[in-house]
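The values are calculated or read from the model by the stated rules, or taken from the named source; none is laboratory data. Computed from a predicted structure; not experimentally measured. Cβ placement follows ideal geometry from the backbone for every residue including glycine, while neighbour counts extend to all protein chains displayed.
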Amino acid sequence: MGRRIVLQGKDHEVEILGKPGAWKVGIDGQAPFPASLDQDETRKARVRFGKEEAACHLAAEGETIHIRAFGRTFSLQVLDPVEQAAQERGGRADTARAPMPGVVVEVKVAEGEPVKQGQPVMTIESMKILTVIAAPRDGRVAQVHFGPGASFDKNATLITLAPAEET
C-alpha cells in the first residue's frame, strides 16, 4: 500500500508492506525495513525503526501525531486517501470531504462564493478536536451540505464546488 505522509513539514512517499506485527516500511524509494509503533494497555508506547527501538510519548493534534523518541520530537501527518488522490490529480476534486465523523462548528463560505485551493471553507469538531476543512481546488462553491451544529459521517461530502468548466 503506497501512501504519502508529511514528516517534519516535508512530504514523503511511503510504502507499507507485510501484515500487523511484521510491517516493513519503505520511505522515498529506499529498501523497506521493519517498523512498528506499539502502545500497551497502560498507554506506554514503543517505536522501532530497523534495529533502533525506544520508548516514546504520543500526542495527537488534529490530523497530526507528535512522537517523542530517540531524544527528538517528530511530527507526522498521514494524508487522508481521498485528499491524497485529489492532490495527485492536481487538486481537481470537486468536493471537500469529512476525514472523520463529527459536527460542523463553522461554515466559512457561502454558495456561489469563489474559493482558492487550500482556503478554509469549514471548521469541524470530532472527539473534541477542531479541524479546518480546505477547498480542494480553485473554484466556486456550488453547495454547502451541512450547516453549523449538523452531524456527519466519515467521508461525507461537506462542500461541493461547481465543475471546473462552470467557474
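Values for this structure:
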read-out	value
Residues being touching a Pro at 6+ places or on another chain (Cβ under 7 Å) and at pLDDT 90 or above - total across the stretch 97-132	5
Which listed residue, of GLU83, GLU53, is out of contact with any strand residue (DSSP E or B) (no Cβ under 6 Å at 6 or more places or on another chain), at pLDDT below 85 and closer than 25 Å to GLU13 by Cβ	GLU83
Residue match in the stretch 23-31 (condition: in a strand (DSSP E or B) and touching a Lys or Arg at 6+ places or on another chain (Cβ under 8 Å))	no
Residue satisfying all of: in the stretch 114-131; in contact (Cβ under 8 Å) with a residue 24 or more places away in the chain and either surrounded by 14 or more Cβ atoms within 10 Å (Cβ to Cβ) or not assigned by TED's automatic domain parsing to the domain that holds LEU161 (or both); farthest from PHE146 (Cα to Cα) among these	GLN117
Any hit, the stretch 56-66, residues being hydroxyl-bearing (Ser, Thr, Tyr) and either at pLDDT 80 or above or not in a strand (DSSP E or B) (or both)	no
Residue within the stretch 104-116 that is part of a loop (DSSP other than H, G, I, E, B), within 19 Å of the chain's Cα centre (by Cα) and under 27 Å from ILE65 (Cα atoms) present	no
Count of the stretch 152-167 residues which are over 11 Å from ALA98 (Cα atoms) and at pLDDT 90 or above	3
Filter result (surrounded by fewer than 14 Cβ atoms within 10 Å (Cβ to Cβ) and within 26 Å of ALA59 (Cβ to Cβ)) within the stretch 13-23	GLU13, ILE16, PRO20, GLY21
Every pair of residues 6+ apart whose Cβ atoms lie under 7 Å, when the first sits in the stretch 37-48 and is assigned by TED's automatic domain parsing to the domain that holds ALA60 and within 20 Å of LYS19 (Cα to Cα) while the second is surrounded by 12 or more Cβ atoms within 10 Å (Cβ to Cβ) and among the hydroxyl-bearing types (Ser, Thr, Tyr)	ARG48/SER36
